[in-house]
Amino acid sequence: MRTILTTIGLVLATVVAVLFVMQVERVLVWMVVALFFTVALYPVVAWLQRRVVHRRSLATLLVFLVALLIVGGLLAAFAVPLAQEGTQLAGQLPALINDARAGRGPVGDLLERTNALQWVQNNEDRIREFATGLGTPALTLVQGASTAVVATVTIFVLSYLAVLEGPKVVTGTLNLFPPQRAERIRRVTRDCAKTVTGYISGNLLISVICGVLTYAVLKIFGVPFAGLIALFVAIVDLIPLVGATLGAVVATIAGFVHSVPAGIAVIVFFVLYQQLENHVLQPLIFARTVKLNPLAVLVAILLAVELAGILGALLAIPVAGIIQVVLRDLWDHRRGRPKDEPTIGEDHTPVDHADDPADGDQAHSRTVGGSHNGAHTEVHGRR
């Protein structure tokens, strides 16, 4: 009866745990992302605390202010040109529409060659009906934007508090374990943090390469706002596997707006570069920074994308590196490295001698005579 009740209790506890995770999935994702940024910024705060300021709170505040200024600068780099271009486009929009209807200008010429005007005229009712039904997607978009703002603020606050209170939490947690095990946990945690830091540095290097090459291609073909587009491509390229594709869409549109040859050249460039990044740059760079085998890098990214989408792509490599660190530690401490001569028993009798009955009896008599716990050593002697 006790076994049955225990089994039922475990099953119910598992069901409750699964339901709980499903209900708070969004918050758990925010916590995972916040932990990621915490691990990335923790060494910076520790270095600043040792070298410049000696107060943890001030060092944390300075690091996060710098991070906030960097993010704000990137947003301003996008927002200011977009606002200027949007104002110019709003002023030129009536003339562009008239030219498009009359078949004049680059837009009108494109519409005329593709028979788009004829298609629009033949499907006016469908287009009007589709436009009427855009209210619900627009509301969904607004809700998504609000959720993104809340998520950003929450992740920022969680990361700040985790970095600020990190030493206290780490010390308090390690005090729960014996000194030897606490040192082992500290060492493994340090190696895991190095894995995350190596992933971030490697990812930044790949993004810089992508942005520089994109800027060169756009500049060669005279595409306007080459620097802004290249910056956008470099930022979205931080997302493994799919980031270069997202940037390629924007760059390709800008290329075709400028000229057809430029658009074709941009497409060819991104097709070649994405193959280079996914199969050469990422495996080789992450093999050096995260200490992962290139094949393991590629397999981890593919599996994580299939399981968790973009979030999985972001966390695949550091998670694989952390798993590797933990498994290596478990192997070293639980299984150990192979000995020069395998032994058994408390008296470390060689394995090849254990099969000899005489040696086994001698080992048994030694262990029984030399131990206070006769029953325990007798078992080892028989083994």
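If a residue must be part of a helix (DSSP H, G or I) and among the basic types (Lys, Arg), how many such residues does the range 275-311 contain?
Keep residues of the range 275-311 that are part of a helix (DSSP H, G or I), which gives 275-289, 294-311.
If we keep only those that are among the basic types (Lys, Arg) too, we end up with 288.
Total meeting the criteria: 1.
I'm trying to understand the selection: among the residues of the range 277-297, which are among the hydrophobic types (A, V, I, L, M, F, W, C) and surrounded by 18 or more Cβ atoms within 10 Å (Cβ to Cβ)? Please lay out each step first, then the result.
So the first thing to find is which residues in the range 277-297 are among the hydrophobic types (A, V, I, L, M, F, W, C), and the list is 280-281, 284-287, 290, 292, 295-297.
Selection gives ILE285, PHE286, VAL290, LEU292, ALA296, VAL297.
Select from the range 208-241 the residues that are surrounded by 19 or more Cβ atoms within 10 Å (Cβ to Cβ) and touching a Lys or Arg at 6+ places or on another chain (Cβ under 9 Å) and write down the one among them that is modelled with the highest pLDDT. The extreme case among them is ALA230.
Annotation note: of LEU314, LEU228, the sole residue that is in a helix (DSSP H, G or I), of a type outside the set (Ser, Thr, Tyr) and under 28 Å from VAL27 (Cα atoms) is LEU314.
Considering the range 242-259, and only residues there that are surrounded by fewer than 17 Cβ atoms within 10 Å (Cβ to Cβ) and over 18 Å from VAL271 (Cβ atoms), the residue that is nearest to the chain's Cα centre (by Cα) turns out to be VAL257. A single entry from GLN23, GLN49 fulfils the requirement of being free of Cβ contacts under 8 Å to residues at least 24 places away in the same chain and surrounded by 17 or more Cβ atoms within 10 Å (Cβ to Cβ): GLN49.
Residue pairs whose Cβ atoms lie under 9 Å apart, separated by 6 or more positions or on different chains, with the first residue in the range 1-20 and surrounded by 10 or more Cβ atoms within 10 Å (Cβ to Cβ) and the second of a type in the set (Lys, Arg), do not occur. Please name all residue pairs, on different chains or six or more residues apart, with Cβ atoms under 8 Å, provided the first residue is in the range 280-300 and is on the phi > 0 side of the Ramachandran plot and the second residue is aromatic (Phe, Trp, Tyr). The qualifying pairs do not exist here.
Residue-by-condition table, conditions (1) among the acidic types (Asp, Glu); (2) under 30 Å from the mean Cα position of the chain (by Cα); (3) in the same structural domain as LEU161 (by TED's automatic domain parsing):
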| residue | (1), (2), (3) |
| --- | --- |
| LEU10 | no, no, no |
| MET22 | no, yes, no |
| MET31 | no, yes, yes |
| LEU35 | no, yes, yes |
| PRO43 | no, yes, yes |
| ALA46 | no, yes, yes |
| GLN49 | no, yes, yes |
| THR60 | no, yes, yes |
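The values are calculated or read from the model by the stated rules, or taken from the named source; none is laboratory data. Note that this is a predicted model, so its numbers are computed, not measured. Every residue, glycine as well, gets a Cβ built from its backbone with ideal geometry; the counts of neighbours run over all protein chains shown.
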